[in-house]
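Read through the structure below, which is laid out as structure tokens, and then see the notes.
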Amino acid sequence: MLFSWRGGPGVQSLLLSLLLLAAWKAGSGQVHYSVLEEAKHGTFVGRIAQDLGLELAELVPRLFRVASKGHGDLLEVNLQNGILFVNSRIDREELCGRSAECSIHLEVIVDRPLQVFHVEVEVKDINDNPPVFPENKKRIIIAESRPPETRFPLDGASDADIGVNSALIYRIDPNEYFALDTQNNREEMSSLSLVLRKSLDREQIQEHSLLLTANDGGKPELTGTVQLLITILDVNDNAPEFDQYIYKVTVLENAFNGTLVIKLNATDLDDGTNGDIIYSFRKPVSPAVLHAFIINPNSGEIRTRGKLDFEEKKLYEISVEAIDKGNIPMAGHCTVLVEILDINDNTPEITITSLSLPVREDAQVGTVIALIRVSDRDSGANGQVTC
Ligand SMILES: [Ca+2]
Ligand SMILES: [Ca+2]
Ligand SMILES: [Ca+2]
Ligand SMILES: [Ca+2]
């Protein structure tokens, strides 16, 4: 039989363990302190010797010592006065991250007899971290056609502190187009968005620059900012417009082929291809116009083609269209009235309508020999004939 009632090394170690357990129990009355993080070296934390019921004089002889698991020498005890003080920098964020509870657990040990005490030092948060946005500048692109009430998600800021020291309130520069909306969900996570308050117009404002600010609830509060650069994308929402609805021009009927009749100009407020204009005769085009004029699609110049003839046509009415190159093109219209000016290009024509020949030599003065008709196709003074 291996087990012996007479005792032996096994029984001795069991007894030692029981003794240790008793000592543990004797010293297990917990003491709590609290200290602000980032407190200066030497900051008073607690009268640890006194609070543990130890005499100052016995600290050295009983080999008073403090151990803290993994936290090194953040806190130290002055063996002369039995005071626990801050020894090196305590950063709550480094120690405990985002957890709401943060404390340093100390084991205080004295010998003769062996006693172990547990001391809990709570590390209190101070507001030493400002809210931080992921970027300093945030570019947002929004088409000008987006309707009011459209929401655009924003990245919120983060704050390494806890509690009110990390409770964030957001605001943006006052402006008429955008508002902020913060919605808190059950997980205490807030979703931040930009809400469009009124219709945008790229033709009026192409870029909005707004400062988004986050404040924490600390005292004093800390702030973080991000510059929102909102670029408004163009939409083809403007039709080309001519300077006038009706243009009146005159052209001499003997104008050379290619003579400039008029240079039309339409403007389109949109950007890029949405504002690029192509000019054309509006269909259906009358054969007379097509025969007499030509339009340059890019410059808007209307020129003569071939020969004009006042006697054939005195007035042309040309309907012109300006179309932009938008995805869904928009058009503007105008009418050009071209008046052809007569020039003296017709010689008078003589026609003899009756003739009585030969004439008798004794014919009386005043006898009608011939009826002569003179006409001129030209008009006005150009057509007046003198014989
Ligand atoms: Ca903070
Ligand atoms: Ca803090
Ligand atoms: Ca346009
Ligand atoms: Ca536009």
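The values are calculated or read from the model by the stated rules, or taken from the named source; none is laboratory data. What you see is a predicted model, and the numbers here were worked out from it, not measured in a lab. Glycine also receives a Cβ, built like all others from the backbone with ideal geometry; neighbour counts cover every protein chain displayed. Only protein heavy atoms, including side chains, enter the accessible area calculation; ligands, DNA and RNA are left aside. Shrake-Rupley method; radii C 1.70, N 1.55, O 1.52, S 1.80 Å.
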Quiz item: Using the Cβ atoms and a cut-off under 11 Å, what net charge is assigned to the surroundings of residue 79, where Lys and Arg are +1 and Asp and Glu are -1?
Solution: 0
Quiz item: When N counts the residues of the chain, how does its alpha-carbon radius of gyration compare numerically with 2.2 N^0.38 Å, as a ratio?
Solution: 2.42
Exercise. Across the range 212-337, how many lysine pairs, 8 or more positions apart or on different chains, have C-alpha atoms separated by under 19 Å? Please give the number.
Key: 4
Quiz item: What is the calculated FRET efficiency for residue 78 to residue 221, with r their C-beta to C-beta distance and R₀ = 41 Å, to the nearest 0.05?
Solution: 0.65
Quiz item: HN-Hα J couplings of the range 86-101 from phi, Karplus 6.51/-1.76/1.60, θ = phi - 60°, integer Hz, Gly and Pro as x?
Solution: 6, 9, 9, 4, 10, 10, 4, 5, 6, 6, 10, x, 8, 6, 5, 9
Self-check item: With Cα atoms, 0 to 90° folded angle of helix 9-26 axis to the chain main axis
Solution: 70 degrees
Quiz prompt | Heavy-atom accessible area ranking, 1.4 Å probe, most first, across 41, 105, 333 | solution = 41, 333, 105
Quiz item: Where Lys and Arg each count +1 and Asp and Glu each count -1, what net charge lies around residue 41 among other residues with Cβ under 15 Å from its Cβ?
Solution: -3
Quiz item: By its C-alpha gyration tensor, with a ≥ b ≥ c as the square roots of the eigenvalues, how is the range 241-341 shaped: rounded for a/c under 1.5, else prolate for a/b larger than b/c, else oblate?
Solution: prolate
Quiz item: Counting only protein chains, not ligands or nucleic acids, how are 138, 248 ordered by accessible area (probe 1.4 Å), most first?
Solution: 248, 138
Self-check item: Charge dipole (debye, nearest 20) of the range 143-288; +1 at Cβ of Lys and Arg, -1 at Cβ of Asp and Glu
Solution: 540 debye
Quiz item: In the chain, carbon and sulfur make up what percent of the accessible area (probe 1.4 Å)?
Solution: 54 percent
Quiz item: So, by mean Cβ neighbours within 10 angstrom, what's the order for 155-162, 56-63 with the highest one leading?
Solution: 155-162, 56-63
Quiz item: Quick one: of the DSSP bridges fully inside the range 137-233, what percent are antiparallel, nearest 5?
Solution: 75 percent
Quiz item: For the range 137-233, what's the relative contact order in percent, using C-alpha pairs closer than 8 Å and at least 6 residues apart?
Solution: 40 percent
Quiz item: If the cut-off is 13 Å between C-alpha atoms, which aspartates and glutamates fall inside it for residue 69, apart from same-chain ones fewer than 8 positions away?
Solution: 107, 120
Practice problem: Please compute the net charge surrounding residue 228, taking Lys and Arg as +1 and Asp and Glu as -1 over other residues with Cβ under 11 Å from its Cβ. | Solution: -1
Self-check item: Accessible area of residue 282 in the full protein assembly, 1.4 Å probe (Å², nearest 10)
Solution: 100 Å²
Quiz item: For the range 49-77 and the range 282-335, what is the separation of their Cα centres, given in Å?
Solution: 102 Å
Quiz prompt | Two-site label geometry, residue 191 and residue 128: point separation in nm, points 7 Å out along Cα→Cβ | solution = 3.6 nm
Quiz item: Rank 317, 221, 107 by accessible area, highest first, at a 1.4 Å probe radius?
Solution: 317, 221, 107
Quiz item: If R0 is 56 Å, what FRET efficiency do you get for residue 245 and residue 361 from their C-beta distance, rounded to 0.05?
Solution: 0.20
Quiz prompt | Using θ = phi - 60° and Karplus 6.51 cos²θ - 1.76 cosθ + 1.60, couplings along the range 131-138 (whole Hz; Gly, Pro as x) | solution = x, 10, 8, x, 9, 7, 10, 10
Quiz item: Which whole-Hz ³J(HN,Hα) couplings does the range 65-73 yield from phi under the Karplus relation 6.51 cos²θ - 1.76 cosθ + 1.60, θ = phi - 60°, glycine and proline marked x?
Solution: 8, 10, 10, 10, 5, x, 9, x, 10
Practice problem: Just the Kirkwood number for the range 48-115, please: inverse of mean 1/r across all distinct Cα pairs, in Å, one decimal. | Solution: 13.2 Å
Quiz prompt | Solvent-accessible area of residue 351 with every protein chain in place, 1.4 Å probe, in Å² to the nearest 10 | solution = 70 Å²
